[in-house]
Amino acid sequence: MKAIKQAGAIAVGLILGATPFLRYGVGGTHRHGAGPHTDHEPRHGGHVLMVGDYHLEVVDRGTLIELYLSDASRRPLRPRSSSVAFDGERETSLAWRSYRSVVPKPPDSTTALYHVSVRNGPLLTLKLP
Ligand SMILES: [Zn+2]
């Protein structure tokens with residue numbers, strides 16, 4: 001339950017293609033019935049968050065952040081580009097490595113603002129925590 005509460009507390013926004021009632025972290029109370037959005041299980045030990053009709057799994061490896069983008073049915077997607085600003089500092093691009101986006105995590109950083117550009121789709125904004 002701890003992970004669910006954390007995900008629910010995370011502010012998630014979407015700049016384009018916004019669907020307001022989907023701007024929430026994904027937790028046990030999130031159900032859409034059969035079809036898209038029936039699978040919100042982490043695949044890589046991180047937290048699955050929903051931004052619009054997309055899913056982002058953020059995995060904190062301590063010194064490295066991994067970001068996995070997938071569609072409504074959790075099919076993996078490669079972002080057109082992605083960047084992050086830690087603690088309000090300037091944005092850094094994430095690198096594409098082996099089916100995920102990665103970026104070094106600065107020591108002691110507490111906040112992160114991600115921008116993920118989906119191919120033929122919207123620009124996703126994710127603010128943690
Ligand atoms: Zn979903």
**Asked** Looking at the range 79-91, is at least one residue over 13 Å from the mean Cα position of the chain (by Cα), surrounded by fewer than 14 Cβ atoms within 10 Å (Cβ to Cβ) and not in a loop (DSSP other than H, G, I, E, B)?
**Response** no
**Complete:** Flagged in the range 93-112 as touching a Phe, Trp or Tyr at 6+ places or on another chain (Cβ under 8 Å) and more than 22 Å from residue 43 (Cβ to Cβ), in numbering order, are 106, 109, 111
**Filtered residues of the range 53-65 (kept if buried (at least 21 other Cβ atoms within 10 Å of the Cβ) and either away from the ligand (no atom under 16 Å from the Cβ) or at pLDDT below 95 (or both))** = 65
**Request:** Working carefully through the options 116, 103, find the one that is of a type in the set (A, V, I, L, M, F, W, C) and within 16 Å of the ligand (Cβ to nearest atom).
**Result:** 116
**Fill in**
Checked against (1) modelled with pLDDT of 95 or more; (2) surrounded by 13 or more Cβ atoms within 10 Å (Cβ to Cβ), residue 3 satisfies every condition except (1)
**Request:** For the range 60-74, name all the residues that are without any contact (Cβ under 8 Å) to a residue 40 or more places away in the chain and part of a strand (DSSP E or B).
**Result:** 66, 68, 70
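The values are calculated or read from the model by the stated rules, or taken from the named source; none is laboratory data. The shown structure was predicted, so the numbers you read here are calculated from the model rather than taken from an experiment. A quick note on method: Cβ atoms are made from the backbone with ideal geometry, for glycine too, and the neighbour counts reach across all protein chains shown.
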